[in-house]
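Working notes for the structure below.
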Amino acid sequence: MSSPFQGARPAPAPRHIAIIMDGNGRWAARRGLPRAAGHREGVLAVRRTIEAAIGHGVEWLTLFAFSSENWRRPIEEVTDLTFLLRHYLRAELRELAEAGVRLHVIGERDRFGPSLQAELAEAEARTAANRKLNLVIALSYGARAEIATAARRIAAAVAAGALDPAAIDETLFATHLATAGMPDPDLVIRTSGEQRLSNFLLWQAAYAELVFDEALWPDFGAANLGQAIAEYARRERRFGARPEPVPPPAAGAGG
């Protein structure tokens, strides 16, 4: 997978970017096409974004591919989405591996059939040694369910006498989330102009910078990612703290 950013690198990028890929259906509707056409075009946007992320030196890229709420969509659309996922794994896995991409999957993968679950596990195993980019695909993922699951695991450990309730803090809680061992996102991007998180990484995105792009996901590409990174670079991240006051110039100082 070649990168359009080989050579000079733009301004420093965030370590972890997470993207809510929104707008496939509207992209198709505006062209009088079935929704499946928008999803297929969205796969090309995924490829462009991965290439651009590698070029910018991003270490982690998380893509919200299929939410737990998406199961409520018509069965034909769900079938199209799962078919595209299977096709993407088979068509792109070799190039992802050659580009140094390591694949991670978070979410309720057990809601997919055994065959697809096996393909996901194989893709993770085949790319496990790669280090250039960690690509996290959120499938059948919902942040509230993730948090509730973590709470149940902790409660079970307490009930079994394996965990002292006094030891429960934010750090321990995070170890029970699907993203345990991953850095929190520094930047969350949502396409299509919508301005909400839609149950995506609610715990992890507590201090992330948010950028909302008007482009529909199938139109998203390297330029959009570069603009989002540039916007991120202009912001001052304080994590709840007050900025340090700028001292006044010394008496008699020039300038």
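So, of the residues in segment 133-173 that are in a helix (DSSP H, G or I) and β-branched (V, I, T), which turns out to be surrounded by the most Cβ atoms within 10 Å (Cβ to Cβ)? Here the answer is I154. Considering only segment 138-146, I want to know if a residue exists there that is under 27 Å from E95 (Cα atoms) and aromatic (F, W, Y). Yes: segment 138-146 contains one or more residues that are under 27 Å from E95 (Cα atoms) and aromatic (F, W, Y).
Could you tell me whether segment 33-48 includes any residue that is buried (at least 16 other Cβ atoms within 10 Å of the Cβ) and touching a strand residue (DSSP E or B) at 6+ places or on another chain (Cβ under 8 Å)? Among the residues of segment 33-48, at least one is buried (at least 16 other Cβ atoms within 10 Å of the Cβ) and touching a strand residue (DSSP E or B) at 6+ places or on another chain (Cβ under 8 Å), which makes the answer yes. Residues that are free of Cβ contacts under 8 Å to residues at least 40 places away in the same chain and either among the aliphatic types (A, V, I, L, M) or loosely packed, with under 13 Cβ neighbours inside 10 Å (or both) within segment 202-236 comprise A206, Y207, L210, V211, E214, A223, R234, R235, E236, listed in sequence order. Residues that are surrounded by fewer than 16 Cβ atoms within 10 Å (Cβ to Cβ), closer than 30 Å to E236 by Cβ and not charged (D, E, K, R) do not occur anywhere in segment 91-101. Of everything in segment 5-20 that is at pLDDT 95 or above and buried (at least 16 other Cβ atoms within 10 Å of the Cβ), the residue that is farthest from the chain's Cα centre (by Cα) is P14. Only one of the numbered conditions (1) within 22 Å of T49 (Cβ to Cβ); (2) not in a helix (DSSP H, G or I) is violated by A129, and that is (1). Looking at S115, S2, S67, just one residue is among the hydroxyl-bearing types (S, T, Y), at pLDDT below 95 and under 14 Å from the mean Cα position of the chain (by Cα), and that residue is S67.
On the basis of being surrounded by fewer than 16 Cβ atoms within 10 Å (Cβ to Cβ), over 28 Å from A205 (Cβ atoms) and at pLDDT 95 or above, does A129 make the cut? Yes. Picking from residues in segment 174-192 that are in contact (Cβ under 8 Å) with a residue 40 or more places away in the chain, not hydrophobic (A, V, I, L, M, F, W, C) and not in a strand (DSSP E or B), the one that is surrounded by the fewest Cβ atoms within 10 Å (Cβ to Cβ) is P183.
The values are calculated or read from the model by the stated rules, or taken from the named source; none is laboratory data. Everything numeric here is computed off the predicted structure, so don't read it as measured data. Every residue, glycine as well, gets a Cβ built from its backbone with ideal geometry; the counts of neighbours run over all protein chains shown.
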